[in-house]
């Protein structure tokens with residue numbers, strides 16, 4: 001009984017997220033960044049945040065103040081953020097595998113909106129389906145039973161009077177006879193289809209030249225597993241050479257082994273066709289895919305975060321390394337998206353844009369980086385939960 005009352009050593013304590021206040025002059029790159037470039041993304045965050053009751057309590061003051069700002073005046077934008085926000089660096093104490101057990105660094109990757117060749121009908125070329133959300137996919141919100149599990153959900157399907165796990169990638173791709181879903185489109189490359197699932201949204205160019213946009217509709221509930229790590233473990237690709245490009249090249253060089261490799265990631269994404277934005281609107285000017293916040297993403301100014309630990313919609317200042325120039329990448333961004341592979345407090349996926357060039361950049365981006373949360377002055381950011389944080 002006495003042993004149960006003893007406080008464990010610090011090294012055995014669970015990892016813990018901590019916010020450390022920073023002066024603006026101490027945030028590296030803040031004074032050099034063209035903050036006005038991020039203004040449309042900030043406007044989008046306000047539009048979404050103020051629709052939520054909890055969001056209005058936190059964001060009403062800065063969002064209303066933003067309506068008086070002329071974004072064509074860079075000094076006005078900088079003054080706005082420095083007046084209405086406090087910068088808080090994200091730090092993890094008792095971080096697993098970290099010398100000294102405290103770190104302010106984590107993994108920064110890149111993602112993009114792919115442009116694929118597609119068709120509404122299947123034929124000899126277009127053979128790989130992209131499905132709409134199945135009607136039999138159940139989503140169970142656990143907070144309705146256990147309030148402490150707010151935000152947690154499970155997905156499954158009803159068989160008789162039992163809820164079973166939904167079909168895995170292997171079961172769907174192998175044509176399980178009980179899987180029923182409507183194909184929205186078909187694409188001509190299995191690897192491109194797979195990476196579209198990872199990105200969560202994209203555009204398709206149809207045979208007549210028309211371009212349509214696909215957005216995330218839902219997911220089958222299975223955990224995401226990175227196939228790049230599997231290739232590295234097997235020695236097929238050296239870990240230091242892992243990128244989207246090298247993984248695609250391996251898949252196309254080993255078509256017979258590709259289906260088994262893709263099956264290693266049981267997670268499967270379902271899509272919806274996204275209508276074009278109203279001409280002349282802010283959505284049309286941003287012209288990006290719709291993120292988890294429900295707003296279009298501005299290239300180079302939006303990130304995906306783990307919203308179990310960090311606030312979706314908030315501004316974050318990011319420090320990483322540009323994968324092309326190897327120069328410091330220091331940007332004001334908005335956390336407007338999430339992803340199955342984004343796990344951890346010091347973890348972000350940087351939205352690089354649309355198309356091949358953006359894909360090349362995103363595929364090479366795997367950097368050590370830091371994050372600062374910008375939170376309205378006079379309030380302290382909420383610590384949501386203890387975290388598991390490891391170096392990469």
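Comparing 371, 297, 137, which has the greatest mean-square fluctuation in the GNM of the chain with Cα pairs linked when under 10 Å apart? The residue with the greatest mean-square fluctuation here is 137. Just to be sure I understand: with springs between alpha-carbon atoms less than 10 Å apart, which residue in 76, 95, 190 has the highest mean-square fluctuation in the Gaussian network model of the chain? Of 76, 95, 190, the Gaussian network model singles out 76 as fluctuating most. For the range 127-274, report the % of Cα-Cα distances exceeding 23 Å. Counting every Cα pair in the range 127-274, those more than 23 Å apart make up 44 percent.
Can you give me the angle between helix 39-49 and the longest principal axis of the chain, using Cα atoms only, in degrees from 0 to 90, rounded to the nearest 10? Helix 39-49 and the main axis of the chain meet at about 80 degrees. If the chain linking residue 285 and residue 230 were pulled fully straight, counting 0.36 nm for each residue of separation and taking away their Cα-Cα distance, it would gain 15.8 nm. Given their separation in residues at 0.36 nm each and the Cα-Cα distance between them, residue 144 and residue 72 gain 21.3 nm when the chain is fully extended. Seen against the Cα atoms of the chain and their longest principal axis, helix 190-199 is set at about 30 degrees. Helix 244-253 axis versus longest C-alpha principal axis of the chain: approximately 10°, rounded to the nearest ten. Which one of 152, 377, 180 has the biggest mean-square fluctuation once the chain is modelled by GNM with Cα springs under 10 Å? Of 152, 377, 180, the Gaussian network model singles out 152 as fluctuating most.
With contacts taken as Cα pairs under 8 Å and at least 6 residues apart, the range 82-215 reaches a relative contact order of 31 percent. With contacts taken as Cα pairs under 8 Å at a separation of at least 6 residues, the chain carries a relative contact order of 26 percent. Taken as Cα centroids, the range 212-242 and the range 32-94 sit 33 Å apart, rounded to the nearest whole angstrom. Label sites at residue 47 and residue 239, each approximated as a point 7 angstrom past Cα along Cα to Cβ, lie 4.3 nm apart. Across the range 294-392, the relative contact order, built from alpha-carbon pairs under 8 Å that are at least six residues apart, equals 36 percent. By the count of neighbouring beta-carbon atoms within 10 Å, fewest first, 188, 349 end up ordered 188, 349.
Throughout, read-outs are computed from the coordinates displayed, never taken from laboratory work. Fair warning: this is a prediction, and the values are worked out from it, not measured in the lab. No Cβ is skipped: glycine too gets one built from the backbone with ideal geometry, and neighbour counts run over all protein chains shown.
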